[in-house]
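Everything below concerns the one structure shown next.
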Amino acid sequence: MGKVHGWMIVSFCQSCCEMFYPRRDVCPSCGSRNLDDQTVSGKGDVYSYTVIHEPPTTFEGEAPYVVALVHLIEGAYVTAQLRDVDLATIFIGMPLEAVMESGKAMAFRPRLCLVE
Amino acid sequence: MRHVGIVGIGQTPVGTWVDRTLSDLAVASLRSAMQDAGADSVQALYIGNMLSGQLQRQENLGALIADAAGLRGMPSVKIEAGCAAGGAALHMGVLAVAAGVYDTVAVIGVEKMAGYPVGDVLAALATAGALDEAAHGLTCAGLNALIMRRYMYEYSWRHDDFAAFSINAHRNAVTNSNAMFRRPLTLEEYRTARLIADPLTLLDSSPICDGAAAVILCSADAARHFRHKPVRITASAVATDTVALHDRSDILWPRAVYASAKAAYGQAGRSPQDIDLFELHDAFSITAALSLEASGFAEKGAGVRLAQDGAIALKGSIPICTFGGLKARGHPVGASGLYQAVEAVMQLRADAGNNQVEGARIAMIQSIAGSGSFVATHILEV
């Protein structure tokens with residue numbers, strides 16, 4: 001799959017401990033300017049998702065596609081498409097990992113978990 | 001600050017008006033509002049609109065509409081706040097009169113969305129959300145679908161449970177000659193509607209349409225010059241939230257709805273129990289549920305129950321969408337806030353015919369943009 005990596009850089013607010021992606025200069029939660037870049041795993045789960053059947057012009061021909069609100073294990077919420085996934089198998093809580101591919105929008109795919 | 005009232009109302013029917021320009025619609029609603037008020041002139045125009053720059057490739061609506069109305073020279077500005085542009089324009093008009101800058105102003109909401117490729121309209125509407133959302137193919141419906149899915153998961157609601165919102169809206173639109181969909185909706189139709197952004201279907205969603213509505217505002221002192229006793233605007237409150245859903249700690253609690261409703265109750269000295277009818281922003285069924293909750297009419301997660309119990313019907317404890325709402329009257333986005341104001345005035349004048357909420361004295365109206373990032377709430381009283 002070429003240059004693929006899973007980690008992401010988020011903004012961590014030193015004042016209220018919230019995390020944001022994409023990065024922010026001012027914390028949208030508490031207004032602090034005391035934000036640091038932090039590298040996170042890119043692992044998370046499905047917080048919510050939708051299957052777009054009526055797309056905007058720029059995504060014509062791609063529907064149906066899945067856009068999810070992903071909750072990273074470190075805390076931030078991320079909007080991204082899900083790929084390599086069967087629509088019928090998606091559920092809230094489904095484990096995911098980020099797929100960062102150069103030249104493409106960030107996406108997530110299902111993550112295999114070891115059963116403890 | 002001075003007291004502000006509404007002394008004139010006007011609206012065009014909502015629909016698909018391929019042969020009428022944006023200016024035609026705006027001027028028609030302005031004329032009819034001035035005629036209703038018995039006003040020969042106003043001192044300024046405030047124009048609510050969202051999409052003219054994107055769909056008509058026409059900006060500078062302040063000058064455009066003043067010019068088209070034969071009001072060259074008049075102060076006139078466009079106000080934009082996504083799909084809540086109408087509520088935002090009303091807020092600015094109220095401020096101008098309350099501050100004593102003008103005694104009489106017209107506030108117009110106008111939008112033309114029909115007749116363009118649907119994908120273009122959806123892309124234009126998505127600009128009420130964040131670029132980081134649209135970049136992944138999210139539409140306005142998609143944003144609200146994300147909220148709805150999580151809401152159903154958290155509170156164990158099924159999709160069918162939301163039907164009561166759309167059915168109520170369509171029932172009330174049947175007797176509104178200005179509504180786009182003047183026909184009842186059945187549960188079976190709701191169940192079998194096609195998906196737009198799963199779990200949202202076409203029948204959870206307000207339509208793409210054209211329309212314009214206008215009100216004439218005046219100060220209490222100026223009211224004697226007009227035909228109608230003014231409907232008083234006792235609250236005008238605006239609030240904002242993060243533009244992107246992913247920057248909120250709880251997507252099921254629309255903070256800007258809560259903040260603007262709370263501020264409005266404070267200004268008017270009212271509480272939810274005092275409100276006789278609520279023209280809320282049912283762009284999607286889930287939006288109606290969240291609006292009822294964050295505005296204090298239901299506990300978190302329980303807004304759907306008000307629809308199922310019939311509390312939102314004309315004879316219920318908190319009637320909503322009394323002329324069809326955004327779902328069935330139609331949602332020409334930047335105009336909707338003004339349609340709400342016009343309809344609330346009809347209710348408070350006891351001039352709502354078959355749609356009358358008996359004994360209505362206090363009405364609340366609310367415009368919401370995107371996924372709740374901008375909210376304008378007004379309280380109107382007689």
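The values are calculated or read from the model by the stated rules, or taken from the named source; none is laboratory data. Because the structure is a prediction, the values reported are computed rather than measured. Reconstructed Cβ throughout: ideal geometry from the backbone, glycine too, with neighbour counts over all protein chains shown. With ligands, DNA and RNA removed, areas are computed over all heavy atoms of the protein, side chains included. Shrake-Rupley method; radii C 1.70, N 1.55, O 1.52, S 1.80 Å.
Side notes on the structure shown:
- Failed item in (1) closer than 21 Å to B:LEU55 by Cα; (2) over 22 Å from the mean Cα position of the chain (by Cα), with B:HIS136 passing the rest: (1)
One line per residue, one yes/no per condition, for (1) in a loop (DSSP other than H, G, I, E, B); (2) within 14 Å of chain A (Cβ to nearest Cβ); (3) crowded, with 21+ Cβ neighbours inside 10 Å:
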| site | (1), (2), (3) |
| --- | --- |
| B:ASP67 | no, no, no |
| B:GLY73 | yes, no, no |
| B:LEU90 | no, no, yes |
| B:VAL107 | no, no, yes |
| B:ASP120 | no, yes, no |
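- Selection within segment B:122-161 - touching a Leu at 6+ places or on another chain (Cβ under 6 Å) and part of a loop (DSSP other than H, G, I, E, B): B:GLY129, B:THR139
- Some residue of segment B:232-253 being more than 16 Å from the chain's Cα centre (by Cα), open to solvent by 40 Å² or more (accessible area, probe 1.4 Å) and more than 22 Å from B:LEU292 (Cβ to Cβ): yes
- Restricting segment B:137-161 to residues that are facing chain A (nearest Cβ under 9 Å) and open to solvent by 20 Å² or more (accessible area, probe 1.4 Å), the residue that is farthest from B:ARG20 (Cα to Cα): B:TYR153
- Residue in segment B:177-195 that is open to solvent by 20 Å² or more (accessible area, probe 1.4 Å), assigned by TED's automatic domain parsing to the domain that holds B:ALA288 and assigned to a helix (DSSP H, G or I) present: no
- When B:ILE251 is tested against (1) part of a loop (DSSP other than H, G, I, E, B); (2) within 12 Å of another protein chain (Cβ to nearest Cβ); (3) within 30 Å of B:TYR46 (Cα to Cα); (4) hydrophobic (A, V, I, L, M, F, W, C), exactly one condition is not met: (3).
- In the set (1) more than 12 Å from every other protein chain (Cβ to nearest Cβ); (2) more than 28 Å from B:ASP120 (Cα to Cα), A:ALA88 fails one condition alone, (1).
- Among the numbered conditions (1) outside any loop (DSSP other than H, G, I, E, B); (2) touching a helix residue (DSSP H, G or I) at 6+ places or on another chain (Cβ under 8 Å); (3) among the aliphatic types (A, V, I, L, M), the only one that A:ALA88 does not meet is (2).
- Pair list, Cβ < 8 Å and 6+ apart or interchain, from segment B:193-212 residues that are at the interface with another protein chain (Cβ under 9 Å from one of its Cβ atoms) and within 19 Å of B:LEU138 (Cα to Cα) to residues that are open to solvent by less than 10 Å² (accessible area, probe 1.4 Å) and among the charged types (D, E, K, R): B:ILE196/B:ASP204
- Number of positions in segment A:23-40 that are touching a strand residue (DSSP E or B) at 6+ places or on another chain (Cβ under 8 Å) and either open to solvent by 40 Å² or more (accessible area, probe 1.4 Å) or among the acidic types (Asp, Glu) (or both): 11
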